[in-house]
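Report on one structure; see the data block that follows.
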Amino acid sequence: MQRHLQIAPARLSDNLKRMTEDGLLRHLSPYERRHPALPEYVLTEKGHHYREAAAAIQAAEHHLGYGRLSAKAWNIPVLLALQFDHEHFQEIRQVLQRVTPRMLSARLGELHGLGAVDKLLTERPRPSFLYRLHRHAEKPVRQLAANLGSIV
């Protein structure tokens, strides 16, 4: 697994430990393993849900064609917030709760630069920006929202 993932043994060990602590994996006892000296892990029910969510995100990224958007924090949640018609900066910020204004501004700017998000200037009631999914991004993000909704 370490060679396949191309990560250091210590990092793999840390990741497996963290995923076990978070309830995504279960460490098998020596009696449950195929080889008693080699550690083995299996996905828990929670782990299966996370795997389904990761597959849905990966499929959406493929259809969007902008690369691995999920590699940066908040990209996917921002797209999903826009999918649910939260168009104003403060609305998006309230929905995402933990995102800082600086981070949200950076992500909206990056997604706009990629062409995934349209940034529109509105004059009423006072000048401000509206953010909307670009026409090309609407279908993949709508499908992602439906896929994620079916998991939970």
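The values are calculated or read from the model by the stated rules, or taken from the named source; none is laboratory data. As the structure is a prediction and not an experimental result, all values here were calculated from the model. Quick reminder, even Gly has a Cβ in these numbers, built from the backbone with ideal geometry, and neighbours come from all protein chains shown. The area values use the complete protein model at the heavy-atom level, side chains included, leaving out ligands, DNA and RNA. Shrake-Rupley method; radii C 1.70, N 1.55, O 1.52, S 1.80 Å.
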key: Amide proton proximity set for Leu25, modelled H, under 5 Å, gap of 5+   = Thr20, Thr44
Dipole moment magnitude, nearest 20 debye, the chain about Cα centre, only Lys, Arg, Asp, Glu C-beta charged = 280 debye
note = Looking only at lysines whose Cα falls under 29 Å of Lys139's and that sit 8 or more positions away or on another chain, we get Lys46, Lys72, Lys119
request  = Give me the distance in nm between label points sitting 7 Å out from Cα along the Cα-to-Cβ direction at His49 and Ser70, one decimal.
outcome  = 1.6 nm
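Which value, in Å², gives the accessible area per residue of the chain when a 1.4 Å probe is used on the protein heavy atoms? Intermediate results must be reported in sequence, preceding the final value.
Working: 10730 Å² over 152 residues.
It amounts to 71 Å² per residue over the chain.
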query = Which percent of the accessible heavy-atom area of the chain goes to carbon and sulfur, probe 1.4 angstrom?
reply = 53 percent
